[in-house]
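Asks: Attaching a single structure in structure tokens format; questions to follow.
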Amino acid sequence: MNNRNLKHLAVLPLLVILAAGCATAPPSIDTSAGAEATFDGLYPVLNSRADAAWALPGMDLSGYTKIMLRGEGIEYRPGGESGRTMMSRSSGGPYEVTEAQRERLQATVREAFLKELGASTRFTLVDEPGPDVLMIRGTLLDVVSFVPPDTAGRSEVFLSSVGEATLVLEVRDSITHAIFARAVDRDAAADMAGTLQRSNRVMNTAEVRQMAERWARSLREALEGFSG
């Protein structure tokens with residue numbers, strides 16, 4: 001096997017960073033004549049477990065021993081209903097995400113990633129960039145909530161899904177910010193058994209935490225499996 005192929009293998013463990021599905025074959029970078037590169041030089045990853053993934057062919061990541069987590073913000077789908085009565089809103093949502101809910105979401109997601117990445121046995125979690133530090137940049141897009149606003153005296157509400165979000169995850173050099181890989185995955189904060197769950201703050205936060213933990217655990221396991 002030549003050096004170019006070895007460098008391809010050094011990138012591949014970072015491509016399977018989200019557990020959105022079950023790939024039927026090992027992931028590979030499509031550099032064929034018909035492959036379309038992104039604006040920043042990444043090529044499609046075939047058989048990725050994420051909804052979509054791209055990577056930079058030929059990069060050698062074997063010198064990295066630390067990771068730095070950087071949140072790039074959370075964007076919410078506009079137009080969520082804010083009606084406070086049963087007559088002024090539909091039964092399915094999505095609903096407006098309040099400032100308090102936004103703060104809880106941000107804190108819950110960050111806590112899950114810090115906990116999982118901090119438990120890595122392969123990489124050390126750091127706060128500052130360095131020559132041996134990989135920067136993991138995460139953004140949540142198109143966040144929607146199916147949790148109706150609290151209404152005094154209303155009947156209990158049971159939900160199959162608290163909400164949905166799209167995670168965009170990028171692996172970069174922490175000093176130059178050069179990008180190595182990008183993955184996009186959409187997931188729902190829902191009971192994995194497919195049953196209805198009572199809607200209250202404790203249960204809803206738990207479902208969101210489980211979604212974030214699935215993402216974070218997949219990332220940690222992929223990073224730990226990286227063999228350079």
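None of the figures in this text is laboratory data; all of them are computed from the coordinates on show. From a predicted model like this one, the values you see are computed outputs, not experimental measurements. Neighbour counts are summed over all protein chains in view; Cβ atoms, including those assigned to glycine, are modelled from backbone coordinates with ideal geometry.
Asks: What does the charge count near Glu224 come to, summing +1 for each Lys or Arg and -1 for each Asp or Glu among other residues with Cβ under 11 Å from its Cβ?
Replies: Taking every Cβ under 11 Å from that of Glu224, the sum is +1.
Asks: Continuing with this model, one more query. Using 7 Å Cα-to-Cβ label points, what is the Asp127/Ala25 separation (nm, one decimal)?
Replies: Here the answer is 4.6 nm between the modelled labels.
Asks: Something else about it: Quote the FRET efficiency, to the nearest 0.05, computed for Ala35 versus Gln106 with a Förster distance R0 of 41 Å and r equal to the Cβ-Cβ distance.
Replies: With a Förster radius of 41 Å, E is 0.70.
Asks: Additional query: Under the 0.36 nm per residue contour assumption, what length would be gained going from the current alpha-carbon distance of Ile175 and Asp51 to full extension?
Replies: 41.8 nm
Asks: Something else about it: Using 1/(1 + (r/R0)^6) with R0 = 25 angstrom and r between the beta carbons of Thr98 and Ala206, what's the FRET efficiency to the nearest 0.05?
Replies: 0.85
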